[in-house]
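What follows draws every value from the coordinates through simple rules; no lab data is involved. Not measured: the values here are computed from a predicted model. Here Cβ is always computed from backbone atoms with ideal geometry, including for glycine, and neighbour counts include all displayed protein chains.
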Amino acid sequence: MSIDKKTIDRRTLLRGALAAAAIVPLSSALAACAGSSSDDDDNSSSKGGEKSANNPFGMAADSTTDAVIFDGGYGTDYVSFAATIMQKNHEGSTVKVSPTTEISQELQPRFVAGDPPDLIDNSGENSIGFSTILDQVEDLSDVLDANNLEGTKIRDTLFGGVEAPGTFDGKLAALNYVMTVYAVWYSSSLFEENGWTPPKTWDEALDLGAKAKAAGKYLFLWGKEAATYYQTLAIGSAIKQGGDEVRLALENLEANCWSNPDVQAVFEGLGKIIDAGYVKPGGAGTQFTAAQAQWSNNQDALLYPSGSWIENEMKDQTKAGFDMKGFPEMTVTADSALPYTALHSAAGEPFMIPSQGKNVPGGKELLRTMLSKEAATNFAKTKLAPTIVKDTVPADGFGSTALVSQSEMLTAAGSDVFTWSFVDLYGTNVDQLVVWNSFLAGKSSVKELTSRLQDITDKIREDDSIKKIPVT
């Protein structure tokens, strides 16, 4: 299948968001250097300077901080923005921001040589696995316990659940900076014009499909490369309906995990919508951004499940006055294990600080600066995506209704935020795309969908050459 560069960048970012879960071993040479230290103390500023309220990590005066940042969909200018603030706050200091798309290839030799950067955005499909460098990176808990530039403890300024993806054996080895919200997106202006309400259950979605058909529209549509967006929707819905046991069964590749009653109830709900003819035909032969334009520009369908990158991805192919907003995954019933407001959201762009860096305090100070309200607000404004820092999106969302919607969903979810990693961890998406294209096209039943997904899972589980990562 053909996927454009923008898609590769975005999917690369998604894989980077799960880098903390995808524990991929590095070379034995890199593992062997764990615990070694640089003898170049004369050129090191790791010994730091005097600690104070404005210098909580004791960064040495006139020191240089070396940051290597993944140059993907978000670029690197947001780190440069924070670097400028830091240099103003610490006169005489210097921050070097180096972009790269080859994190592992560029930085493995530096780890082996005992000369890693002071701050790394360990993102992208070529990110460094954490299994063999866990002892070589700082625990970032002290960054969260420090005050931000505005004088508030950083931990208290963050959305719930942001520590989990980067925590191993109780150590916060990476802090993911960007929040990705997974939701069902729609034109709020079209809904207001027709008096429609976003559905909270699959039965309500089926009823909305009938209204869409009466208006000459479909409820859903899809494109061939993004058929598994509906798998993402289904998994999120099933987790909300049945709770953590649903997630853990899928994460741990359990036998019959796709036959879980809550998963089946969601599949049946979507199946009814497909059988009723409320999904636009032809998606299996349509390039995914072309299909998305049928939704965002032509308004052929009412709803589209996606991550919060959708607004930026389709900004040049969205009807004027569309007023994009999102809502959380539907549940099967109103008495679901997790509330309707619970949200599939994951923090991405994992930042880590090597313990052997020449300026560890500088790396922490740069990360602290990035977590300031000024820097986090700049990111939200320029990237139309929220960081893990709360209250940085104004009421008008910088003119983006989708960004306002993301902020509202995260606030409403509170601590009821969840994610999973088994699809990216075991690389099953390519095989699952075939299965979901068939199901969405009405060419296979719920029973066949379940059987084929289970076959993919069983194949991974039974392959002893694939390292399994237990999830608890």
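Reachable lysines from Lys467, Cα under 21 Å, same-chain residues fewer than 8 places away excluded?
Lys459
May I ask which of Lys153/Lys358; Lys200/Lys224; Lys240/Lys280; Lys171/Lys383; Lys325/Lys364; Lys325/Lys390 have a Cα-Cα span longer than 24 Å here?
Lys153/Lys358; Lys200/Lys224; Lys240/Lys280; Lys171/Lys383; Lys325/Lys364
For the range 320-416, what's the relative contact order in percent, using C-alpha pairs closer than 8 Å and at least 6 residues apart?
36
Helix 103-112: angle to the longest alpha-carbon principal axis of the chain, degrees 0 to 90, nearest 10?
30
Apply the a/c threshold of 1.5 to the C-alpha gyration tensor of the range 138-223 and tell me whether it is rounded, prolate or oblate.
It comes out prolate by the Cα gyration axes.
What does the range 285-348 give for Rg and for Dmax, in Å, if only its C-alpha atoms count?
Over the range 285-348's Cα set, Rg and Dmax evaluate to 14.1, 40 Å.
Let me check I've understood the local charge: for Val279, count other residues with C-beta under 13 angstrom from its C-beta, Lys and Arg +1, Asp and Glu -1. What total comes out?
Overall, the nearby charge balance is +3.
Can you give the net charge of the other residues whose Cβ lies under 15 Å from the Cβ of Leu338, counting K and R as +1 and D and E as -1?
Residues close to Leu338 contribute a combined charge of -3.
Where does helix 446-461 land angle-wise versus the long Cα axis of the chain, in degrees 0 to 90, nearest 10?
Its long axis makes an angle of about 30 degrees.
Suppose we flag trypsin sites (Lys or Arg not before Pro) only when DSSP calls them loop and at most 14 other Cβ atoms lie within 10 Å. Which is the longest uninterrupted stretch of the chain?
Looking at the chain, 52-442 is the longest stretch - no exposed trypsin sites (Lys or Arg not before Pro) with at most 14 other Cβ atoms within 10 Å.
Cα axis of helix 429-440 to longest principal axis of the chain: angle in degrees, 0 to 90, nearest 10?
Between the helix axis and the principal axis of the chain, the angle is about 20 degrees.
Under the definition of Cα pairs under 8 Å and six or more residues apart, what whole-number percent is the relative contact order of the chain?
Relative contact order, the chain: 25 percent.
If you take every residue apart from Ala215 with its C-beta less than 13 Å away from the C-beta of Ala215, what net charge results, scoring Lys and Arg +1 and Asp and Glu -1?
Summing Lys and Arg as +1 and Asp and Glu as -1 gives +1.
For the chain, what proportion of DSSP beta bridges, expressed in % and rounded to the nearest 5, is antiparallel?
65
Whole angstrom only: what separates the Cα centroid of the range 406-444 from the Cα centroid of the range 275-300?
The range 406-444 and the range 275-300 have Cα centres spaced 18 Å from each other.
If we sort 180-193, 62-75 on the protection proxy, mean other Cβ atoms within 10 Å, highest first, what's the order?
Ranking the peptides 180-193, 62-75 by packing returns 62-75, 180-193.
Could you check the spin-label model distance between Ser141 and Leu248? Points 7 Å from the Cα along Cα→Cβ, value in nm.
2.4
Amide H neighbours of Glu349 under 5 Å, counting only residues 5+ apart in sequence or on other chains, H built in-plane at 1.01 Å?
Ala17, Tyr177, Val178
Quick check: from the Cα gyration tensor, does the chain come out rounded (a/c under 1.5), prolate or oblate?
Because a/c hits 1.5 or more and a/b exceeds b/c, the chain counts as prolate.
Work out, step by step, the length gained on full extension between Glu102 and Lys88: first 0.36 nm times the residue separation, then minus their alpha carbon distance; give nm to one decimal.
Additional length available on full extension: 2.0 nm.
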